[in-house]
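To start, the structure under review is shown below, and the notes come after it.
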Amino acid sequence: MAEIYLDNAATTPPSAPVIDAVHHALATAWGNPSSVHTKGLEAERVVTEARQRLAAALRARPDEIVFTSGGTEANALAVKGAARARAGRYRHIVTGMTEHPSVFNACEALEEEGFSVTYLPVDEAGRVSPEAVLDALRDDTGLVTLMWVNNETGALHPVADIAAAVKRARPDVWLHVDAVQALGKVPVRLDQVPVDLLTVSGHKIHGPKGIGALFVRSGVRVKPLFGAGTQEKGLRSGTENVPGIAGFGAALAETMTRMDQAAARMRALKELLWERISEAAPFALRNGPADPELTAPHILSVSFPGLKGEVLVHALAQRGVYVSTGSACSSRRRTGARVLKAMGLDDRRADGTLRLSLSAATTEEDVTEAAARIAAVAHELREFAVF
């Protein structure tokens, strides 16, 4: 039985060019980038090239890119670092109820430090409106932090509209965007969207794990989370992860050159996947915006009311189909499906939800066969469920 991987929002398999880049960095560019001799300069060159590549992809400047250990650290650096840097005057933060745990937990931690946080509700599609953000602003608001693409439902927040509205109303408020699920799937152009901080990650675009980055717009001051080293402009102490950075750079080169084509293909396959599931299992319900154009091209959230998502995940794994119930960062300790319940889903629907996520490598055969196996497992489990 062929395996079908539909958990790409959790992580993507590294591509051949990425593996080659990581191997090359380990084998030849193994010096410390801070060293001034030849081996150090070789490693520094790898870091510089990747930094330039990411800056070009985001339409930013290379000196505005800070490499981190991943999206979680970058989110924490953005939220905690920005809040603490402005704590004297700005003690209020605005975020959403459906944010990634790394942002949501960072905001909760800041509340323990005396900051005030407004958690914005979302509509039934899982989106926050610009009007809601503007209404939440206060005189002491210093930071708005929202994700571009919801990692569980694929819902697209109107980030460009929100950023423009916030900057018109309050130019002094900084805006952080978690773009981990957006990079390589939707256009992320910082010359057109006036955000101050933006998070990306390597392993969501077929790069290695353990590498991410934070865009820090020139003029924005962020306090480091730890240490006092000089690496990454003093914002991220410690020797740079040269192999990871090399792999990230290779992933960017491969992903960004084919983004539009790959996104259109993933969107078509996602709609085909839903069509086949809904035909074979009419009791299935789709979550998120009704308009597919208001969702990311690679994430599909489907509920099977009355069933248990975890049971579905394990049963499908036995059939060679790999999916998840939601965020990989919280799937081992479900917290009541916070994101789905914020959208108004009841327990039966929220608890029976699967997240199906595609990549550029997903094929039509994968989608049609996965839909058949998912529907078959759902029907089998319904025979034993109590309704």
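Bear in mind that the values in this text are calculations on the coordinates, not laboratory data. Predicted, not measured: the structure shown is a model, and the values here were computed from it. Please note: Cβ atoms are built from the backbone with ideal geometry, for glycine as well, and neighbour counts cover all protein chains shown.
Name the longest site-free stretch of the chain, where the excluded sites are trypsin sites (Lys or Arg not before Pro) in a DSSP loop with no more than 12 other beta-carbon atoms within 10 Å.
Here the longest run is 259-387.
Quote the charge dipole size of the stretch 16-256 about the Cα centre in Debye, to the nearest 20; the model charges only the Cβ of Lys and Arg (+1) and of Asp and Glu (-1).
640
Once phi is turned into θ = phi - 60°, what whole-Hz ³J(HN,Hα) does the Karplus curve with 6.51, -1.76 and 1.60 give for every residue of the stretch 287-294, x standing for Gly and Pro?
10, x, x, 5, 7, x, 6, 9
Give the distance, in whole Å, between the Cα centre of the stretch 56-117 and the Cα centre of the stretch 14-49.
29
Using the crude model of +1 on Lys and Arg Cβ and -1 on Asp and Glu Cβ, and no other charge, please compute the dipole size for the stretch 211-280 relative to its Cα centre, in debye to 20.
340
Where does helix 38-58 land angle-wise versus the long Cα axis of the chain, in degrees 0 to 90, nearest 10?
Taking the Cα atoms of the chain, the angle to 38-58 is about 60 degrees.
How tilted is helix 259-280 with respect to the longest principal axis of the chain? Cα atoms for both, answer in degrees (0 to 90, nearest 10).
Helix 259-280 sits at roughly 20 degrees to that axis.
Please state the charge dipole magnitude for the stretch 1-106, taken about the Cα centre, from unit charges on C-beta atoms (+1 on K and R, -1 on D and E), reported in debye and rounded to the nearest 20.
The calculated dipole for the stretch 1-106 is roughly 720 debye.
Relative contact order for the chain: what percent, with Cα pairs under 8 Å and sequence separation of 6 or more?
Averaging sequence separation for qualifying contacts and normalising by length gives 23 percent for the chain.
Taking a quarter of the surface of the Cα convex hull of the chain, what do you get in nm²?
Projected over every direction and averaged, the Cα hull of the chain covers 18.9 nm².
How large are Rg and Dmax for the stretch 219-281 when calculated on the C-alpha trace, in angstrom?
20.5, 58
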